[in-house]
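In what follows, a structure is listed as structure tokens, so that the remarks can point back to it.
The values are calculated or read from the model by the stated rules, or taken from the named source; none is laboratory data. This structure is a prediction, so every number in the text was calculated from the model and none was measured. For neighbour counting, all protein chains shown are included, and Cβ atoms are generated from backbone atoms with ideal geometry for every residue, glycine included.
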Amino acid sequence: MRSESLETIIIGAGPAGAVAAGLLRRAGRSVTVLEKAQFPRFVIGESLLPQSMAYLEAAGMLQDVIEAGFQFKNGAAFACDQKRASFDFRRKFTPGWGTTCQVPRAPFDKLLADAAARQGADIRYGHEVTALSFSDGKPELRVAAPEGEYRISGVFVLDASGYGRVLPRLLGLEIPSALPARQAIFTHIEDRIAEDPAAIAFDAFEREKILISVHPQESDIWYWLIPFSNGRSSLGVVGRRAQFDQNPNEEDQAQLRRRVAEAPNLARLLRNAVWDTPVRRVTDYSANVKTLAGAGFALLGNAGEFLDPVFSSGVTIAFKSADLAVSTLLRQLAGEAVDWQRDYAAPLMQGVETFRAFVNAWYDGKLQDIIFYPEKQPDVECMISSVLAGYAWDTDNPFVARPVRKLDALAQAIRAETASAE
């Protein structure tokens, strides 16, 4: 069996892996990316957050993304029965990008991987990591490839394998998530949304925004509608497993269509839609790990912890993890003493905990009360908009520095005011 000795090895060529590879190449370091799949391939997580644009720029990929013609995005819209709300990410507390894109992930991920390859990253598709060991703190991987198995060793390995969670499985790092078990049923459609401006406005639809709709009777069931630039959209519904398993003989497409029909705004918007793509399902998607880094390795993005898709935080966390990990790794490769917990895991988790507070507040109803409150204070709205735009690491924002306390206090005040007005 042949062997290779390299410097940095990345598992996975998705957004985290591609951006990490780009950052390493721009710093003059060699990098090899092992990707099990062949690109392009279908995956969800299509609504980017503005914070992501800074990392794409740092990795030398921003121009590729802008010139690709993806759907422009400037915010998020929310709907529940007769209630409507929207956030314009350009009106936010934190300086930085206020706009971004909504992207079909198959071409988007391929675009980023190609950009990394153009910068000199060695990307190997169809190469699956099957085993891992460490020698003097350095990783040694066994790889299955179309031409046969081989061994590869390096100075450091970054796991950007996403839902595959290669290193957590191989190293026994997986632990149960504290979040309740939920599942998503989703597809892509030709949306054919009627060109009726009044109806579209009433149903809180703008192609420049992701639309989050709440089930009118079951507030912990929600839907995403992510418009693309080609007249198509990503559509999905999320809920607890028990809410989807009531009829085990119901096919996924029938269940998704039935659930869409239960949301009046979506039923109207999508009445002419063409359902031309297989419906998929993911179950118990939330994940956690014992540690995000150790001697010779670090976990990026979803390979470490995945919260929930409701605020589209997955790709932003992936990019942030790539940026923090590469910064720490470059210092280590330069001979500096680094502490991966202090320099990587702790700063990354600060933003993850902010998103976690917002996810929990969404499902217990506090954040829904805040979002749909019609008389928001402009400064508070800008602070919340910043978090929804991905700026979950800006501790100058009180909703980042103390997210649980601020969300609880605001929801309590809104509920008290609403009760006194009734």
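Values as computed for the structure displayed
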{"quantity": "Matching entry among V103, V65, V129, V43 (being more than 22 Å from the chain's Cα centre (by Cα), in contact (Cβ under 8 Å) with a residue 40 or more places away in the chain and surrounded by 15 or more Cβ atoms within 10 Å (Cβ to Cβ))", "calculated": "V129"}
{"quantity": "Of the criteria (1) free of Cβ contacts under 8 Å to residues at least 12 places away in the same chain; (2) in contact with a Phe, Trp or Tyr (Cβ under 8 Å, 6 or more places away or on another chain), which one D364 fails", "calculated": "(2)"}
{"quantity": "Selection count, the range 330-347, where residues are surrounded by 13 or more Cβ atoms within 10 Å (Cβ to Cβ) and among the charged types (D, E, K, R)", "calculated": "2"}
{"quantity": "Which listed residue is free of Cβ contacts under 8 Å to residues at least 12 places away in the same chain and more than 30 Å from F202 (Cβ to Cβ), from R124, R118", "calculated": "R118"}
{"quantity": "Breaking point among (1) within 30 Å of R192 (Cβ to Cβ); (2) in a helix (DSSP H, G or I), for S321", "calculated": "(1)"}
{"quantity": "Tally of residues being closer than 19 Å to Y285 by Cβ and modelled with pLDDT under 95 across the range 1-45", "calculated": "5"}
{"quantity": "Qualifying residue in the range 260-276 (condition: closer than 26 Å to Y391 by Cα, in contact (Cβ under 8 Å) with a residue 24 or more places away in the chain and among the basic types (K, R))", "calculated": "no"}
{"quantity": "Only one of V400, V380, V387 that is surrounded by fewer than 21 Cβ atoms within 10 Å (Cβ to Cβ) and touching a residue at least 24 places away in the same chain (Cβ under 8 Å)", "calculated": "V380"}
{"quantity": "Residue list for the range 1-52, filter: within 22 Å of E149 (Cβ to Cβ) and of a type in the set (V, I, T)", "calculated": "T8, I9, I10, I11, V31, T32, V33"}
{"quantity": "Per-region count, the range 80-104, residues out of contact with any Pro (no Cβ under 9 Å at 6 or more places or on another chain), part of a strand (DSSP E or B) and of a type outside the set (D, E, K, R)", "calculated": "3"}
{"quantity": "Filtered residues of the range 306-364 (kept if closer than 19 Å to A77 by Cα and among the acidic types (D, E))", "calculated": "D308"}
{"quantity": "Residues that are closer than 17 Å to V315 by Cβ and among the hydrophobic types (A, V, I, L, M, F, W, C), drawn from the range 92-139", "calculated": "W97, C101, V103, A106, F108, L111, L112, A113, A115, A116"}
{"quantity": "Lone qualifier among L367, L388 - being touching a Lys or Arg at 6+ places or on another chain (Cβ under 9 Å) and at pLDDT 95 or above", "calculated": "L388"}
{"quantity": "Among (1) in contact with a Lys or Arg (Cβ under 8 Å, 6 or more places away or on another chain); (2) surrounded by fewer than 23 Cβ atoms within 10 Å (Cβ to Cβ); (3) touching a residue at least 60 places away in the same chain (Cβ under 8 Å), the one test that E250 misses", "calculated": "(3)"}
{"quantity": "Candidates I123, I189 - the one that is assigned by TED's automatic domain parsing to the domain that holds W275, closer than 29 Å to S47 by Cβ, surrounded by 15 or more Cβ atoms within 10 Å (Cβ to Cβ) and in contact with a strand residue (DSSP E or B) (Cβ under 9 Å, 6 or more places away or on another chain)", "calculated": "I189"}
{"quantity": "Considering residues of the range 390-422 that are of a type in the set (A, V, I, L, M) and in contact with a helix residue (DSSP H, G or I) (Cβ under 6 Å, 6 or more places away or on another chain) only, the residue farthest from G98 (Cα to Cα)", "calculated": "I414"}
{"quantity": "Given (1) in contact with a strand residue (DSSP E or B) (Cβ under 7 Å, 6 or more places away or on another chain); (2) closer than 21 Å to P95 by Cα; (3) polar (S, T, N, Q), index of the condition Q368 fails", "calculated": "(2)"}
{"quantity": "Scan of the range 1-58 for residues that are within 27 Å of F311 (Cα to Cα), charged (D, E, K, R) and part of a loop (DSSP other than H, G, I, E, B), ordered by number", "calculated": "R41, E46"}
{"quantity": "Test for P104: is it farther than 28 Å from Y285 by Cβ and modelled with pLDDT of 95 or more", "calculated": "no"}
{"quantity": "Complete set of residues in the range 376-417 that are over 22 Å from the mean Cα position of the chain (by Cα) and of a type in the set (V, I, T)", "calculated": "V380, I414"}
{"quantity": "Check on D284, charged (D, E, K, R), crowded, with 18+ Cβ neighbours inside 10 Å and in contact (Cβ under 8 Å) with a residue 40 or more places away in the chain", "calculated": "no"}
